[in-house]
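Asker: Before we start, here is the structure in question, set down as structure tokens.
The values are calculated or read from the model by the stated rules, or taken from the named source; none is laboratory data. As the structure is a computational prediction, the values presented were derived from the model and not from experiment. For neighbour counting, all protein chains shown are included, and Cβ atoms are generated from backbone atoms with ideal geometry for every residue, glycine included. Quick note on the areas: whole protein, heavy atoms, side chains included, nothing else; ligands and nucleic acids left out. Shrake-Rupley method; radii C 1.70, N 1.55, O 1.52, S 1.80 Å.
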Amino acid sequence: MRSAPILYDGLLYVSSLAGFLNAIDTRTGKVRWRFKTTAPIHSTPSLNSGQVLVSCDGGTLYAIDSSSGTKTWDVPTGGQVWTSAIVSKDTIFFGDTNGNMQAVSSTHGTLQWKRALGGQIYSTACIAGQRVFVGSSDGRVYSMDAKSGDILWKTPTGDGIDSSPAVAKETLFVGSLDYFFYAIDTVNGAIRWQHEAELGITSSPAISGDLVVFGCKAGVLRALNVQTGKVIWAQRLGQAITAPPVISGGTVWIQSGMTYALNLADGNILWRASLGNSLQSAPVVTEAAVYLTGIEGNVYALA
């Protein structure tokens with residue numbers, strides 16, 4: 001399992017490279033239901049009004065009833081989808097490995113628009129207002145009109161973008177394989193500031209207040225000031241960081257060979273847990289437990 005789990009109403013939804021979407025009871029750890037797709041699943045599932053959305057490498061987007069595991073509808077995507085579907089109002093947005101960004105109806109999956117970008121899309125889009133933001137393997141960050149799919153601006157970086165962008169205070173934050181982390185004006189695409197890391201960045205950022213936190217392939221986790229890009233703290237961990245950090249309260253959770261919990265204020269390590277080197281996805285953090293998935297197929301719950 002390379003995708004992150006999601007939690008809803010006592011069930012943990014987990015997709016697998018074996019092509020299954022699993023609903024696991026968080027109280028018992030037992031599988032409540034299991035839905036089989038036609039190919040491996042790399043994307044993290046997402047939720048939409050009682051439905052679980054998931055795409056497989058066979059080129060299909062599925063809407064599955066969250067309580068029963070019954071398929072509501074499915075639509076062809078025209079290419080492999082490694083990104084998560086993002087829902088805004090009545091529209092689902094996702095990108096594919098053919099380089100197309102697509103918008104479909106959340107009711108039946110009917111195509112609303114399809115826009116070819118300059119490279120493959122491994123970056124999950126984010127929505128802010130009436131704009132869709134996404135990165136591409138051509139090294140550009142794109143801003144598109146959510147209604148029409150028209151490209152409003154595109155800002156180049158020095159290499160491909162696998163990191164998924166995040167938006168706060170009219171600024172888009174995203175990392176690139178060119179070693180730089182960027183803060184980009186959401187209105188005009190101008191780069192407000194950039195920060196150089198030791199290696200490429202595929203870890204998607206997490207934002208809390210005035211801090212934006214991200215990791216790089218050198219195993220360094222950083223917290224920067226969102227307005228200035230000033231380094232507030234940097235902590236070198238075990239291995240390459242490819243998964244996004246998760247912020248819950250005053251704690252940052254991250255995978256880097258081990259599972260780490262760090263103090264958000266200063267980056268000091270609070271504790272670490274060794275579950276093997278197979279954990280590469282973001283955890284789900286609740287008051288009762290932390291849930292994680294490993295690429296060997298195990299799901300973990302840490303109290």
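Asker: Residues to consider are 236, 192; find the one that is over 21 Å from the mean Cα position of the chain (by Cα) and either among the hydrophobic types (A, V, I, L, M, F, W, C) or under 30 Å from residue 129 (Cβ atoms) (or both). Steps first, please.
Answerer: Numbers: 236 fails: either among the hydrophobic types (A, V, I, L, M, F, W, C) or under 30 Å from residue 129 (Cβ atoms) (or both).
Matching residue, one of 236, 192: 192.
Asker: Looking at the structure I just gave you, is residue 246 in contact with a Phe, Trp or Tyr (Cβ under 7 Å, 6 or more places away or on another chain), within 20 Å of residue 287 (Cα to Cα), crowded, with 17+ Cβ neighbours inside 10 Å and among the β-branched types (Val, Ile, Thr)?
Answerer: Working: in contact with a Phe, Trp or Tyr (Cβ under 7 Å, 6 or more places away or on another chain): yes; within 20 Å of residue 287 (Cα to Cα): yes; crowded, with 17+ Cβ neighbours inside 10 Å: yes; among the β-branched types (Val, Ile, Thr): yes.
Against the criterion (in contact with a Phe, Trp or Tyr (Cβ under 7 Å, 6 or more places away or on another chain), within 20 Å of residue 287 (Cα to Cα), crowded, with 17+ Cβ neighbours inside 10 Å and among the β-branched types (Val, Ile, Thr)), residue 246 qualifies.
Asker: Among the numbered criteria (1) free of Cβ contacts under 8 Å to residues at least 40 places away in the same chain; (2) outside any strand (DSSP E or B); (3) over 25 Å from residue 246 (Cα atoms), which one does residue 75 miss?
Answerer: It is condition (2) that residue 75 fails.
Asker: Of everything in the range 158-196 that's assigned to a strand (DSSP E or B) and among the aliphatic types (A, V, I, L, M), which residue is surrounded by the fewest Cβ atoms within 10 Å (Cβ to Cβ)?
Answerer: Going residue by residue through the range 158-196, those that are assigned to a strand (DSSP E or B) are 166-168, 171-175, 180-185, 191-196.
Subset that is among the aliphatic types (A, V, I, L, M): 166-168, 172, 174, 183-184, 191.
Working: 166: 19, 167: 18, 168: 17, 172: 24, 174: 28, 183: 24, 184: 24, 191: 14.
Among residues in the range 158-196 that are assigned to a strand (DSSP E or B) and among the aliphatic types (A, V, I, L, M), the one surrounded by the fewest Cβ atoms within 10 Å (Cβ to Cβ) is 191.
Asker: Something else: What tally of residues in the range 66-80 results from selecting those that are touching a Ser or Thr at 6+ places or on another chain (Cβ under 8 Å) and surrounded by 15 or more Cβ atoms within 10 Å (Cβ to Cβ)?
Answerer: Residues of the range 66-80 that are touching a Ser or Thr at 6+ places or on another chain (Cβ under 8 Å), as a first pass: 74-77, 79-80.
If we keep only those that are surrounded by 15 or more Cβ atoms within 10 Å (Cβ to Cβ) too, we end up with 74-75, 77, 79-80.
Summing the residues that are touching a Ser or Thr at 6+ places or on another chain (Cβ under 8 Å) and surrounded by 15 or more Cβ atoms within 10 Å (Cβ to Cβ) in the range 66-80 gives 5.
Asker: Out of 212, 220, which single residue is without any contact (Cβ under 8 Å) to a residue 24 or more places away in the chain and at negative phi? Spell out the reasoning first.
Answerer: Details: 212 fails: without any contact (Cβ under 8 Å) to a residue 24 or more places away in the chain.
Step by step, each of 212, 220 is checked, and only 220 is without any contact (Cβ under 8 Å) to a residue 24 or more places away in the chain and at negative phi.
Asker: For the range 34-57, how many residues are among the hydrophobic types (A, V, I, L, M, F, W, C) and either touching a Lys or Arg at 6+ places or on another chain (Cβ under 8 Å) or open to solvent by 20 Å² or more (accessible area, probe 1.4 Å) (or both)?
Answerer: Counting residues in the range 34-57 that are among the hydrophobic types (A, V, I, L, M, F, W, C) and either touching a Lys or Arg at 6+ places or on another chain (Cβ under 8 Å) or open to solvent by 20 Å² or more (accessible area, probe 1.4 Å) (or both) gives 2.
Results for (1) crowded, with 21+ Cβ neighbours inside 10 Å; (2) modelled with pLDDT of 95 or more, shown as yes or no for each residue.
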site: 215; (1), (2): yes, yes
site: 218; (1), (2): no, yes
site: 224; (1), (2): yes, yes
site: 236; (1), (2): no, yes
site: 242; (1), (2): no, no
site: 255; (1), (2): yes, no
site: 259; (1), (2): no, no
site: 286; (1), (2): no, no
site: 290; (1), (2): no, no
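Asker: Quick one: how many residues across the range 85-124 are open to solvent by 30 Å² or more (accessible area, probe 1.4 Å) and under 12 Å from residue 137 (Cβ atoms)? Show your work before the answer.
Answerer: Kept after step one, since they are open to solvent by 30 Å² or more (accessible area, probe 1.4 Å), are these residues of the range 85-124: 86-90, 98, 107-108, 110-112, 114-116, 118, 120, 122.
Adding the requirement that they be under 12 Å from residue 137 (Cβ atoms) leaves 98, 118, 120, 122.
Here the count works out to 4.
Asker: For the range 219-252, which positions are assigned to a loop (DSSP other than H, G, I, E, B) and in contact with a Gly (Cβ under 9 Å, 6 or more places away or on another chain)?
Answerer: Let us first name the residues in the range 219-252 that are assigned to a loop (DSSP other than H, G, I, E, B), namely 219, 226-230, 237-245, 249-250.
Answer for the range 219-252, where residues must be assigned to a loop (DSSP other than H, G, I, E, B) and in contact with a Gly (Cβ under 9 Å, 6 or more places away or on another chain): 219, 226, 237, 238, 239, 240, 241, 242, 243, 244, 245.
Asker: Same structure again: Keeping to the range 141-157, report how many residues are open to solvent by 10 Å² or more (accessible area, probe 1.4 Å) and under 17 Å from residue 205 (Cα atoms).
Answerer: 1
Asker: Given the structure, is residue 26 closer than 15 Å to residue 291 by Cβ, open to solvent by less than 60 Å² (accessible area, probe 1.4 Å) and either in contact with a strand residue (DSSP E or B) (Cβ under 6 Å, 6 or more places away or on another chain) or of a type in the set (Gly, Ala, Ser) (or both)?
Answerer: Working: closer than 15 Å to residue 291 by Cβ: yes; open to solvent by less than 60 Å² (accessible area, probe 1.4 Å): yes; either in contact with a strand residue (DSSP E or B) (Cβ under 6 Å, 6 or more places away or on another chain) or of a type in the set (Gly, Ala, Ser) (or both): yes.
Yes, satisfied.
Asker: Regarding the range 5-27, can at least one residue be identified that is closer than 22 Å to residue 147 by Cα and either part of a strand (DSSP E or B) or out of contact with any Lys or Arg (no Cβ under 8 Å at 6 or more places or on another chain) (or both)? First the steps, then the outcome.
Answerer: Keep residues of the range 5-27 that are closer than 22 Å to residue 147 by Cα, which gives none.
No.
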